[in-house]
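K.L.:
A single structure is presented below for examination.
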Amino acid sequence: MSVSEATTPSTAEPPAAAVPFDERDLEPRTPMKRLGSTRKLAAFNNIRTQLAEQAKAVEGRADAAAGVAAELGDYCRRRADLEHEYARALDKLARAAAQRHRDQRHKREQWPLAGAYACWQAALDATRALARDHAALADLYGGPLAARLHRAADDVLRLHRKCRDLVAERQEDIAAALAEAAAAGKAHAAAAHDWRAAALKLRHAHAARQALAAADPPRNKKIKALEKELEKRRSRHAEARAKALRARAEYVLSLEAANATLQRYYLDDIADIMLCSETGYEEVVGRAVRCAAAAERARAAALSGAAQALLATAESLDAVGDRQRVVAAHPAAFAPPRPLPYAGESPSRQDAAMKELLDGAAPDEDEAAEALRRELAARLTQLEAAARALRAECREHAKTLDAAEAELVRQMEGPDACWDVSGLFGAAAAPAARPAPADDDEDDAPRKEQEDYYLAKFRSYVSCAGRLARLESKAAAVRERLLGGASGGGRSPVAGVRRGGRRGQFAAPLDDALPTPLVSCVRVIAGYGLRQQGVFRVSGSQVEMQALRAAFERGEDPLADVRDASDMNSVCGLLKLYLRELRPPLVPPQMRERLVRAAAVPDDAAFAARLREELAALPRPALLVLRYLFAFLAHLAEHSDRNMMDAWNLAICLGPTLLPAWGEGGEQVTAQNLVNELVKRTILLHRDVFPQDIAPHALYVPPEPPRSSPGEADEADGAGAEAAETEPSDVDDLDDDDEDEEPLEDDAGNPGPGAASLPSTSTKGSREPRPRPSTTPSPPP
């Protein structure tokens, strides 16, 4: 007897509770339609186009670097020819003058008695010395400088050719991760369709059983047959449900792995590969330029300005800055795509829909779901153990890589004696014909071996870091999204292992110590810029900011001796530059949308609680930096009656720096407005958002107010009021132009009257923090 016959008694109409079986419910829904094939394929095509444009940009960068080095080498050779000609002409001039003097000695017997004779003799001596100096310059330009610059051009092209294979490998990993995510999505859609079909059949059998049980008189034989059919449907439904849940878990894991691979490649791998392809390039070119500059400066004091310019260009060589400019010049190629969305119906909605569809026909939890949960818990344990082991391996790779890089740079530069030009000029100068150092293949063999060793270590590091990002993302997905656990406050899924030693103090924090650039800039701004109108809005000097940055990268603190507001714009711009170029960023890209959604919570207490919960997932160093920064911004906003920078204005200036908006056109404008609202509310509620009971040495301590006599205070207040009355238009212009400004270094520049210096905060955590003033409220528990 079929199920349809059993559910329709001959003596009564089918009851209203029975749900007829609709074959259209079992029509196959193609996985591509369930996954949104058009959007998915468009996203994949965009990524593929981006990768192609990246390859072109990296190729152009290598060609440009090699072309510049080769052009500098040609310039040195041609300059050597000119210097030789000039030296010969000067020597001929001096020889001819001396020969005429000897030939006409009988006519010039009285010349030594004249005072002008000493001038003429000094002119001849200077001409001879100048001829020697130009001959030495010709040998220097035409010898080691030209040879080393041409070799630098060959080196960068060779390294780029070797790095292309690494780029191809990383792009193949991306393609494999995307293909895995797509295949898992198709399998998930098919399993969900089977689950729905089994649920419909189970519901139909259950309704038929209830209808037959309600019939009068009861038909026991048919009821027993339907009960057997119902048990069979339930077992098939349980199998389909377990298969669908397992397919969903695999899809979520593969999707998170694909997103982690994309984020790792766009934010770290391609940037590091660009730096790897030019390893030693900046050092060799900079060393050559420094050598030429030293020669020019020693040759004549009159050319000291040109030598300083050459030194400035050599000191300003910065691979990280070049990379940022390349990225800024190709925003469409290097902008990381948005995380791949979860295709189809969300798990929570799907569970709710299936529960409503079953209508009590099956329990919410069964042994299959519990077994799957135990399986995922065991898999989480395995993922975390593998991630710990891989993280330690990645740290070892990073240490070995730094040592290999230092050795390769040392071999590329060569010994210091090859660059010493101190003996070429002056009274005790060496002979002009100075032989150039030999650069044969035997001398290049150790360097090329070290180069191959460095590339092998770099490949190991990049591969290990990519695997670590995928493992951590899968573990986080199992913990947070599949098992429903709270997010841990430890590491970001794609933070990876940072390599140190490249950027000095101008780098991301790695421990509880606050970064020196942040503390120094905040000390100067809080001590001398609280009354500066439009602080953070007016752009500072790019040259000054680059000089300050170079000093920080050398391990110095160029702001330690600043005691006024004469260069406040550059200090503010340097702080924004530091926050913008931190890698990894303080707020990872995958957290930005969640933080912006938190800004839509209307209640301040609920907003602070939710934002605090979201920020707990950040690494501890990044959380301490954000706590220190927002406490300083809140202190700056307290003086908005003087500096015209309330919380909203500060959010407009610093929002694009902390959280760059995503999207294009109107979408980007909307996202930036939400980001500005988030930053503004965080400034106002920073004590509730950030924990105040951890790392007390990293708390922001406002400066003490300056001590002055009543007369001086009245005079300062009068001067401030007069300035506010006479210069309102400047502040209005700043407010009007703010919306159109680029999110670059925005600072302002008049010294505030009589501000006291901010007590220094130890960046190593060894000093005890100074107690807060009595007016500062105590931190919340």
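The values are calculated or read from the model by the stated rules, or taken from the named source; none is laboratory data. Owing to the predicted nature of the structure, the values given are computational and were not obtained by experimental measurement. Methodologically, a virtual Cβ is constructed for each residue, glycine included, from the backbone with ideal geometry; neighbour enumeration extends over all protein chains shown. All accessible areas refer to the heavy atoms of the entire protein, side chains included, with ligands and DNA or RNA removed. Shrake-Rupley method; radii C 1.70, N 1.55, O 1.52, S 1.80 Å.
K.L.:
If a residue must be part of a loop (DSSP other than H, G, I, E, B), under 16 Å from G573 (Cβ atoms) and open to solvent by 10 Å² or more (accessible area, probe 1.4 Å), how many such residues does the stretch 522-538 contain? Before you say what the answer is, go through the steps one by one.
P.N.:
Initially, the stretch 522-538 is screened for residues part of a loop (DSSP other than H, G, I, E, B), giving 529-538.
Then drop every residue that is not under 16 Å from G573 (Cβ atoms), which leaves 529, 532, 534-538.
Add one more test, that the residue is open to solvent by 10 Å² or more (accessible area, probe 1.4 Å), and what stays is 538.
Of the residues in the stretch 522-538, 1 are part of a loop (DSSP other than H, G, I, E, B), under 16 Å from G573 (Cβ atoms) and open to solvent by 10 Å² or more (accessible area, probe 1.4 Å).
K.L.:
Can you tell me which of (1) more than 20 Å from A371 (Cα to Cα); (2) more than 44 Å from the chain's Cα centre (by Cα) is the one A181 doesn't meet?
P.N.:
A181 satisfies every listed condition except (2).
K.L.:
Any residue at all in the stretch 601-615 that's touching a residue at least 60 places away in the same chain (Cβ under 8 Å), open to solvent by 60 Å² or more (accessible area, probe 1.4 Å) and outside any helix (DSSP H, G or I)?
P.N.:
The answer is no; no qualifying residue exists.
Conditions tested, residue by residue: (1) in contact (Cβ under 8 Å) with a residue 12 or more places away in the chain; (2) open to solvent by less than 20 Å² (accessible area, probe 1.4 Å); (3) under 26 Å from the mean Cα position of the chain (by Cα).
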| residue | (1), (2), (3) |
| --- | --- |
| A118 | no, no, no |
| A126 | no, no, no |
| H150 | yes, no, no |
| R161 | no, no, yes |
| R170 | yes, yes, yes |
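K.L.:
Next up: For the stretch 128-148, which residues satisfy the criterion of being surrounded by fewer than 19 Cβ atoms within 10 Å (Cβ to Cβ), of a type in the set (A, V, I, L, M) and more than 21 Å from R290 (Cβ to Cβ)?
P.N.:
A129, L130 - these are the residues of the stretch 128-148 that are surrounded by fewer than 19 Cβ atoms within 10 Å (Cβ to Cβ), of a type in the set (A, V, I, L, M) and more than 21 Å from R290 (Cβ to Cβ).
K.L.:
Then there is this: For the stretch 364-383, give me the residue count where each residue is open to solvent by 60 Å² or more (accessible area, probe 1.4 Å) and either of a type outside the set (V, I, T) or in contact with a Phe, Trp or Tyr (Cβ under 7 Å, 6 or more places away or on another chain) (or both). Write out each step before concluding.
P.N.:
Kept after step one, since they are open to solvent by 60 Å² or more (accessible area, probe 1.4 Å), are these residues of the stretch 364-383: 364-365, 367, 370, 373-375, 379, 381-382.
Now narrow it down to the ones that are either of a type outside the set (V, I, T) or in contact with a Phe, Trp or Tyr (Cβ under 7 Å, 6 or more places away or on another chain) (or both): 364-365, 367, 370, 373-375, 379, 382.
The total comes to 9.
K.L.:
Could you check the stretch 660-691 and list, in sequence order, the residues that are modelled with pLDDT under 85, in contact with a helix residue (DSSP H, G or I) (Cβ under 6 Å, 6 or more places away or on another chain) and not aromatic (F, W, Y)?
P.N.:
A661, G663 - these are the residues of the stretch 660-691 that are modelled with pLDDT under 85, in contact with a helix residue (DSSP H, G or I) (Cβ under 6 Å, 6 or more places away or on another chain) and not aromatic (F, W, Y).
K.L.:
Any residue at all in the stretch 506-519 that is modelled with pLDDT of 70 or more, over 21 Å from the mean Cα position of the chain (by Cα) and not β-branched (V, I, T)?
P.N.:
From the stretch 506-519, those modelled with pLDDT of 70 or more are 512-519; that's our starting set.
Next cut, over 21 Å from the mean Cα position of the chain (by Cα) only: none.
No - not one qualifying residue is present in the stretch 506-519.
K.L.:
Among the listed residues A258, A288, which satisfies the condition of being surrounded by 23 or more Cβ atoms within 10 Å (Cβ to Cβ), part of a helix (DSSP H, G or I), among the aliphatic types (A, V, I, L, M) and within 26 Å of the chain's Cα centre (by Cα)? Lay out the reasoning, then the answer.
P.N.:
Working: A288 fails: within 26 Å of the chain's Cα centre (by Cα).
Testing whether each residue is surrounded by 23 or more Cβ atoms within 10 Å (Cβ to Cβ), part of a helix (DSSP H, G or I), among the aliphatic types (A, V, I, L, M) and within 26 Å of the chain's Cα centre (by Cα) leaves just A258.
K.L.:
Same structure, new question: Kindly list the number of the only condition in (1) at pLDDT 85 or above; (2) out of contact with any Leu (no Cβ under 7 Å at 6 or more places or on another chain); (3) under 22 Å from A298 (Cα atoms) that fails for A126.
P.N.:
Result: A126 passes all but (1).
K.L.:
Is there any pair with a first residue in the stretch 692-712 that is farther than 17 Å from P619 by Cα and at pLDDT below 50 and a second that is part of a loop (DSSP other than H, G, I, E, B) and polar (S, T, N, Q) whose Cβ atoms are under 8 Å apart and which are 6 or more apart or on different chains, and what are they?
P.N.:
Partner pairs satisfying both residue conditions: none exist.
K.L.:
Counting only residues that are without any contact (Cβ under 8 Å) to a residue 60 or more places away in the chain and of a type in the set (K, R), which one in the stretch 210-227 is most open to solvent (accessible area, probe 1.4 Å)?
P.N.:
My answer is K221.
K.L.:
Next question, about the same structure. Anything in the stretch 343-353 that is assigned to a loop (DSSP other than H, G, I, E, B) and crowded, with 16+ Cβ neighbours inside 10 Å? List them, or say none.
P.N.:
Correct list: A343, G344.
K.L.:
For residues that are under 20 Å from K162 (Cα atoms) and open to solvent by 50 Å² or more (accessible area, probe 1.4 Å), scanning just the stretch 424-455, find the one that is modelled with the lowest pLDDT.
P.N.:
Checking each candidate, the answer is D441.
K.L.:
Of the conditions (1) in a helix (DSSP H, G or I); (2) at pLDDT 85 or above, A476 fails just one. Which one is it?
P.N.:
For A476, the exception is condition (2).
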